[in-house]
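*Asks:* Right, I'll just put the structure down here and ask away after.
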């Protein structure tokens, strides 16, 4: 019976998760003053890794040791996280070293009664007890940033990030050259550079030497990328892209909670057309929601791929259009070290950056062609705000066409059950540092607070950072106070641009097709932590109209002949009376399988995603991407009588992943971009006409003599069907090409200009 009672005590202690007073009476017995039992050890520091230490693992173990230390010798985790962000911006990735000894209550001490649980639920040592702890060590070195954008990386190990809670003195730290195997000493505070020949996850071997003669070998990992992909591909052409240009807005913005207004920063790159390389027909692509600036300009360009080896930007450039990609990177606020995550910053501040880019491009371009602006996702809101702001303030945006691409004009959605669960795991007693970036970027960032229709911060209990209200009046969807309604009201008051053609591409179905069904069971899984500890997670999508359900439940359980719940956290949700819940509405889908790949290989997250019953959820309801007014029913089909500000749209009949390009919406976009383009002032070209629908040949008619023309015919995927140079046109010219049923484009280019027309073959 004694052993059973003590086992219960042990299990209860393991599930206190942050209730660190349980070990206060053991402090005097501790030699290290770090008792690991004070925290739940997700990193399992008692078996500290020596090989392939990732940034995520290092940060988690550091976080646990920092919280377990009675002497509070280690800085708060935010210090390390901010240093990592700042280093990434400065292209100098900081390293950190943690040397620590710590203790854990031994099973023998509990079994023998040398440690017992008193009436105050605190561990108490038996009088005269001797050894009650097992002693462990961890010697780790790791970068504070897990991913680098280039394959030549500068590292630095600063004094301030060498943490040592022991009496051991570090005498030397070195890394090994992967090429020749030589060891190079790391000099504190002096940057050094490592070049990696390959992209992807790379390993760096390190050696830590101590003054007592002890030597420890360890390796860390870092994911290596490259920003050279698009440039290398285009350098094969005579019209290569320009360098990335940084830009600072000239209009300041002060967001809610900020003490002063400041100027936003961004970057852009011009990809000239491949016809003449002259900046005369700009098509802007404005990046959207991007926590941590994970999507570089090169990746944004690659994101325009569609079909088989086709790219929308490549195709537009072949027709004489110039692509301008606008990105919102991480940067430091002027005259400070405060890091701004541009990809999830306030939408208004990013819109003012776009205003400046538009002004700069307008000042550079030649000719009289007006701009086209494409805004995918949140980029559509940034573009809409910028264009309308310029109109209201008499600034010339010189734009003819605005394409909103699955943008959340009436708000976005992340399931409220997911928000509760992730926030509890990240900032509740569990303290999972692997989940914290998800919460910080996807949920707690300024842009997320502005866009999410239902947000966890509107449901939190007073004074709690992670427990939800359970009262019925608190269950309906609600946004973040001072963020959500303020932004939506401002956007509604401004309206849409009035001097441009506004069109929309939606990825959500227009016929009412749902993403799964209301109250769908997303997860019912048991995570076996040890043979005597487990966590049970239950997740459901939001319910049907006017119904209430439990969307999230997290239970920690212990086993004593049977499983019993030691702690629990849950969230309930209610759908409005006029619509079913947000999570399953017709809309552009958030692909959780792709999201998992971006989060790395944390075991807890891997098991979580592997056991989901749903691969996606509704991210941008069709109702929102089409800015439907007059109804709050997110499930209502979009018909000709639906009230929308868009004069034309591309809407699928099945729900697609958010910002997915396909043959249908690419054809729609090309038709909109090309049909309004003023490509030449040459009367011979402007008066030229093509017989439509096409018959057995393509018939070109001209009242003028056109000499030395280059003619190209492509299908709607950009594949070249026919091409000829040095062609003369006088009267009727028949091109001997047999077309199958479909839509095609013909481009005729001369020294006086070019023109593109659409061909239909029935």
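*Asks:* Which value in Å is the Kirkwood Rh of segment 46-87 over different Cα pairs?
*Replies:* Final number for the Kirkwood radius of segment 46-87 is 11.3 Å.
*Asks:* Can I ask one more? Provide the descending list of Cα extents for segment 316-461 along its principal axes, expressed in whole angstroms.
*Replies:* 61, 36, 34
*Asks:* Going by alpha carbons, how many degrees (0 to 90, nearest 10) lie between the helix axis of 2-14 and the longest principal axis of the chain?
*Replies:* So the inclination is approximately 40 degrees.
*Asks:* Right, something else. Could you give the C-alpha radius of gyration of segment 629-680 expressed as a fraction of 2.2 N^0.38 Å, taking N as the number of residues it contains?
*Replies:* Against the compact-globule rule of thumb, the ratio is 1.43.
*Asks:* Can you give the translational diffusion coefficient of segment 151-198 in µm²/s, computed by Stokes-Einstein from the Kirkwood radius over Cα pairs at 20 °C and 1.002 mPa s?
*Replies:* Answer from the Stokes-Einstein relation: 173 µm²/s.
*Asks:* Follow-up. Based on DSSP, what percent of beta bridges with both residues in segment 91-177 are antiparallel, to the nearest 5?
*Replies:* Of the beta bridges lying entirely in segment 91-177, close to 70 percent run antiparallel.
*Asks:* Ok, one more. How big is segment 308-390 in terms of Cα radius of gyration and Dmax, in angstroms?
*Replies:* 15.0, 48
*Asks:* Post the alpha-carbon centroid distance, segment 381-423 to segment 70-84, in whole angstrom.
*Replies:* Result: 36 Å between the Cα centres.
*Asks:* Let me ask something else. Which value in nm describes the separation of the simple spin-label points at residue 683 and residue 254, placed 7 Å from the Cα toward the beta carbon?
*Replies:* 5.9
*Asks:* In addition: When only C-alpha pairs under 8 Å and at least 6 residues apart count, what is the relative contact order of segment 482-626, in percent?
*Replies:* 25
*Asks:* What is the extension gain from residue 127 to residue 180, computed as 0.36 nm multiplied by their sequence separation minus the C-alpha to C-alpha distance, in nm to one decimal?
*Replies:* 13.2 nm
*Asks:* Further, regarding this structure: Take the Cβ-Cβ distance between residue 203 and residue 577 as r, set R0 to 56 Å, and report the resulting FRET efficiency rounded to the nearest 0.05.
*Replies:* With R0 = 56 Å, the Cβ-Cβ based efficiency is 0.50.
*Asks:* Can you give me the three principal axis dimensions of segment 261-402 from its C-alpha atoms, in Å, biggest first?
*Replies:* So the three principal-axis extents are 44, 38, 23 Å.
*Asks:* How big is D for segment 461-595, in µm² s⁻¹ as a whole number, if Stokes-Einstein is applied with the Kirkwood radius of its Cα pairs at 10 °C and 1.306 mPa s?
*Replies:* 87
*Asks:* When only alpha-carbon atoms are used, what values of Rg and Dmax, in angstrom, describe segment 12-133?
*Replies:* Considering segment 12-133 through its Cα atoms, Rg and Dmax are 16.6, 56 Å.
*Asks:* Also, quick follow-up: Given the alpha-carbon gyration tensor of segment 481-554, what are the semi-axes of its equivalent ellipsoid in whole angstrom, ordered largest first, with each equal to the square root of 5 times an eigenvalue?
*Replies:* 40, 18, 14
*Asks:* In deg cm²/dmol and to the nearest 500, what is the mean residue ellipticity at 222 nm of the chain if only DSSP H runs of at least 4 residues count, each as -39500 (n - 2.57), divided by the residue total?
*Replies:* Taken over the chain, the calculation gives -6000 deg cm²/dmol.
*Asks:* Sort 213-220, 108-115 for me by packing, meaning the mean count of neighbouring Cβ atoms within 10 Å per residue, highest on top.
*Replies:* Top of the packing list down: 108-115, 213-220.
*Asks:* Moving to a separate point now. For the chain, take the longest principal axis of its alpha carbons; what is the angle in degrees between that and the long axis of helix 378-392, to the nearest 10 within 0 to 90?
*Replies:* 60
*Asks:* If you don't mind, there's one more thing I want to ask. Largest first, please: the extent of the C-alpha atoms of the chain along each principal axis, to the nearest Å.
*Replies:* Principal-axis extents of the chain (Cα, largest first): 110, 66, 50 Å.
*Asks:* For residue 699 and residue 332, FRET efficiency with R0 = 51 Å and r from the beta-carbon atoms, rounded to 0.05?
*Replies:* 0.25
*Asks:* Follow-up. I need the per residue convex hull volume for segment 408-539, using only the alpha carbons, in cubic angstrom as a whole number.
*Replies:* Given the Cα convex hull of segment 408-539, per-residue volume reads 164 Å³.
*Asks:* Let me ask another. Based only on the alpha carbon positions, what is the Kirkwood hydrodynamic radius of segment 84-178, in angstrom?
*Replies:* 17.0
*Asks:* Could you give the distance between the Cα centres of segment 176-230 and segment 698-741, to the whole Å?
*Replies:* With segment 176-230 and segment 698-741 each reduced to a Cα centre, they are spaced 57 Å.
*Asks:* When the Kirkwood radius is taken over all Cα pairs of segment 114-235, what Stokes-Einstein diffusion coefficient follows at 25 °C and 0.890 mPa s, in µm²/s?
*Replies:* Stokes-Einstein gives a translational diffusion coefficient of 136 µm²/s.
*Asks:* Only bridges whose two residues both fall in the chain count here: according to DSSP, what percent of them are antiparallel, nearest 5?
*Replies:* 75
*Asks:* A further question on this structure: Separation between the residue 169 and residue 52 pseudo-spin-labels, each 7 Å from Cα along Cα→Cβ, expressed in nm?
*Replies:* Label at residue 169, label at residue 52, 3.7 nm between them.
*Asks:* Could you list the square roots of 5 times each eigenvalue of the Cα gyration tensor of segment 644-709, that is, the equivalent ellipsoid semi-axes, sorted largest first and rounded to whole Å?
*Replies:* In descending order, the three semi-axes are 33, 16, 11 Å.
*Asks:* When 451, 456 are ordered from fewest to most other Cβ atoms inside 10 Å of their Cβ, what list results?
*Replies:* 456, 451
*Asks:* For the pair residue 531 and residue 120, how long in nm is the line joining their label points, each one 7 Å along Cα→Cβ?
*Replies:* Going by the 7 Å Cα→Cβ label model, 3.5 nm.
*Asks:* If you don't mind, another one. Determine the relative contact order of the chain: mean sequence separation of Cα pairs under 8 Å and six or more apart, normalised by residue count, in whole percent.
*Replies:* RCO, the chain: 9 percent.
*Asks:* In percent, how large is the relative contact order of segment 442-568, given Cα pairs closer than 8 Å and 6 or more residues apart?
*Replies:* The value is 14 percent.
*Asks:* For segment 240-314 and segment 637-673, write down the distance between their C-alpha centroids in whole Å.
*Replies:* Value for the Cα centre distance between the two parts: 23 Å.
*Asks:* For the pair residue 494 and residue 396, what calculated FRET efficiency results from E = 1/(1 + (r/R0)^6), where r is the Cβ-Cβ distance and R0 = 22 Å, to the nearest 0.05?
*Replies:* E between residue 396 and residue 494, to the nearest 0.05, is 0.80.
*Asks:* On a 0 to 90 degree scale, rounded to 10, what angle separates helix 416-427 from the longest Cα axis of the chain?
*Replies:* Computed tilt is about 50 degrees.
*Asks:* For the ranges 665-671, 192-198, 329-335, what's the packing order if you count other beta-carbon atoms within 10 Å of each residue, average per peptide, and put the highest first?
*Replies:* Going by the mean number of other Cβ atoms within 10 Å, highest first, we get 665-671, 329-335, 192-198.
*Asks:* May I ask you to order 87-95, 23-31 by the average number of other C-beta atoms within 10 Å around their residues, highest value first?
*Replies:* Highest to lowest by the protection proxy: 87-95, 23-31.
*Asks:* What percent antiparallel are the DSSP beta bridges of segment 271-333, to the nearest 5?
*Replies:* 40
*Asks:* Using alpha carbons only, what's the Rg to Rh ratio of segment 643-762 with Rh from Kirkwood?
*Replies:* Here Rg/Rh amounts to 1.02.
Quick note: the coordinates plus some simple rules give every number you see, no bench work behind them. Please read these numbers as outputs of a predicted model, since none were measured by experiment. Because the Cβ atoms are built from the backbone with ideal geometry, glycine has one as well, and the counts that use them run over all protein chains shown.
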